[in-house]
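The values are calculated or read from the model by the stated rules, or taken from the named source; none is laboratory data. Keep in mind that what you see is a predicted model, and the values were worked out from it rather than measured. Cβ atoms come from the backbone with ideal geometry, glycine included; neighbour counts cover every protein chain shown. Surface accessibility is based on the protein's heavy atoms, side chains included, excluding ligands, DNA and RNA. Shrake-Rupley method; radii C 1.70, N 1.55, O 1.52, S 1.80 Å.
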Amino acid sequence: MMQKEALLYEALENNRVHCYLCAHQCKIAPLKYGVCGVRQNVDGKLHTLVYGKAIAANVDPIEKKPLYHFLPGSNSYSVATAGCNFQCGFCQNWNISQLSAKSNTILGQELSPEKMVADAKKAECASISYTYTEPTIFFEYAFDTAKLAKQAGLYNTFVTNGFMTKQALDTIKPYLDAANVDLKSFRDEYYKKYCKAKLSPVLESIAYMRKLGIWVEVTTLVVPSENDSDVELNDIAGFIAQVDVNIPWHISRFHSDYKFTDHGATPVETMRRARDIGVECGLRYVYLGNVPSDSDTYCHKCGDQLIKRAHFSGEATRIKDGVCASCGVTIPGVW
Ligand code: SF4
C-alpha cells in the first residue's frame, strides 16, 4: 500500500492527529483511520494511503463532469482513487467510492502525477479532472498533479461534494480552475441520514470557491420523494442565485442504484418543474441531465442558441471572445 505524509493536519497529544482536510475534522488515534478510510495515523503522523494509486483514469468530454461553461467541446483527463468522505446510499460510483483501507480494499494502478500529466497531454486534453470519487480525500495526489498540470498548460477541475475546509481550498486554489459541486439537498437531515455528513460546509464551499475566483457549477441529483418538493428545490435554487445567478445549475436525474433500489427514476415532469423553479429564482443557466434538448446553452440576454449539445459534446461557435455573437453580452464561464 502506497503511503505518503498528508497535508492539512496537526499533531495532538498522545500521538493522536487532527485532520482538517474536510469538515469531518477527524481526530485520529494511532493506527486508526479517518472517516474516509484512506488516511491513517502512523506513529503520530497522518498518512494518505491512496497517493499515486488511480482506480479510474479515462479521457472524458468535459460535458460529462458536468461542466458546461468551461472549455466546451474539450476533453478532460479524468482520474480517481478509492475512497470517499461521504457514504451516500444513492452513490452511482459506490463500487469504487466505498472501498477503504479499513477493510483492506484499496485498489488501483500506480500512476504518478508526472505520467498522468504526460498522458493527458498525449491525449490532447485541455484539463485534468479529479472526479468519480471525492477528490478531497486524495488531495495530496490531486495537488501535486494539479501543480505539474498547470506548468504544462493544462487546467484543473474538481468534481466534488464540497465538504472540504477553507484551508483545503486556499491550498489548491492557485491550481484549481473550476469545480462542479454537488448540492444534494437543502436539508441537514438529508445529509445526515443519507451521506453521514452535514449541509452547511457544502454551502460555505460553494460561496468560498466563487469568492476565490474558481469557476463553479452546481449539480443536484433529484431523488423522487426525497428532495423533490417545490419548497426544497426553491431553497436550493435560491441559495445558488444568492451566491451568483451566473452559476449553472445541473439538475440530474436519479436512477436506482446502490442502497436506493426501491426508488424509481425521476419523472421528466419533476425535472422540468425543477428547471422552472431555477429560472424563477433568477438562475440564468439551468440544465437537465439525461433529458434530450434541455442541455443546450442559450444567451441569458437575447435567448440566442449559443451551444447545441449532443452526446456530451458541443462547440461554443456562437460565443466569440467570451461574448454572445448576437447581442454582445458577456457569457459567464471559461471559453
Ligand atoms: S479527509 Fe478523511 S481523515 Fe481527513 S477529516 Fe475528512 S474524513 Fe477525516
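Which of the residues belonging to the stretch 187-204 are out of contact with any Lys or Arg (no Cβ under 8 Å at 6 or more places or on another chain) and surrounded by fewer than 22 Cβ atoms within 10 Å (Cβ to Cβ)?
Those that are out of contact with any Lys or Arg (no Cβ under 8 Å at 6 or more places or on another chain) and surrounded by fewer than 22 Cβ atoms within 10 Å (Cβ to Cβ): R187, E189, K193, K196, S200, P201, L203.
Would you call N75 of a type in the set (S, T, N, Q), within 29 Å of W335 (Cβ to Cβ) and open to solvent by 10 Å² or more (accessible area, probe 1.4 Å)?
yes
Consider T157 against the criteria (1) part of a helix (DSSP H, G or I); (2) crowded, with 24+ Cβ neighbours inside 10 Å; (3) of a type in the set (S, T, Y): it satisfies all of them except one. Which criterion is unmet?
(1)
Considering only the stretch 216-249, state which residues are out of contact with any Leu (no Cβ under 8 Å at 6 or more places or on another chain) and outside any loop (DSSP other than H, G, I, E, B).
Result: V216, L221, D230, V231, E232, L233, N234, D235, G238, Q242, V243.
Looking at (1) farther than 24 Å from R253 by Cβ; (2) within 16 Å of the ligand (Cβ to nearest atom), which is the one condition that is false for E134?
Going through (1) farther than 24 Å from R253 by Cβ; (2) within 16 Å of the ligand (Cβ to nearest atom) one by one, E134 breaks only (1).
Go through the stretch 279-296 residue by residue and tally those that are under 21 Å from K64 (Cβ atoms), at pLDDT 95 or above and either among the β-branched types (V, I, T) or open to solvent by 60 Å² or more (accessible area, probe 1.4 Å) (or both).
Final tally of qualifying residues: 1.
Residue by residue, here is whether (1) buried (at least 19 other Cβ atoms within 10 Å of the Cβ); (2) touching a helix residue (DSSP H, G or I) at 6+ places or on another chain (Cβ under 7 Å) holds:
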| site | (1), (2) |
| --- | --- |
| G34 | yes, no |
| V42 | no, no |
| K65 | yes, no |
| A82 | yes, yes |
| S112 | no, no |
| K115 | no, no |
| Y132 | yes, yes |
| T136 | yes, yes |
| F139 | yes, yes |
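Does T261 satisfy the condition of being surrounded by 14 or more Cβ atoms within 10 Å (Cβ to Cβ) and without any contact (Cβ under 8 Å) to a residue 60 or more places away in the chain?
no
Identify all residues within the stretch 276-322 that are assigned to a loop (DSSP other than H, G, I, E, B), acidic (D, E) and within 25 Å of the chain's Cα centre (by Cα); write none if there are none.
If the condition is that a residue be assigned to a loop (DSSP other than H, G, I, E, B), acidic (D, E) and within 25 Å of the chain's Cα centre (by Cα), then D294, D296, E315 are the ones that fit.
In the stretch 244-278, how many residues are at pLDDT 95 or above and among the small types (G, A, S)?
So the count comes out to 2.
Working only within the stretch 1-15, note down all residues that are surrounded by fewer than 17 Cβ atoms within 10 Å (Cβ to Cβ) and either within 8 Å of the ligand (Cβ to nearest atom) or small (G, A, S) (or both).
Matches in the stretch 1-15: A11 only.
Restricting to the stretch 305-326, give me the number of residues that are touching a residue at least 24 places away in the same chain (Cβ under 8 Å), open to solvent by 50 Å² or more (accessible area, probe 1.4 Å) and of a type in the set (A, V, I, L, M, F, W, C).
1
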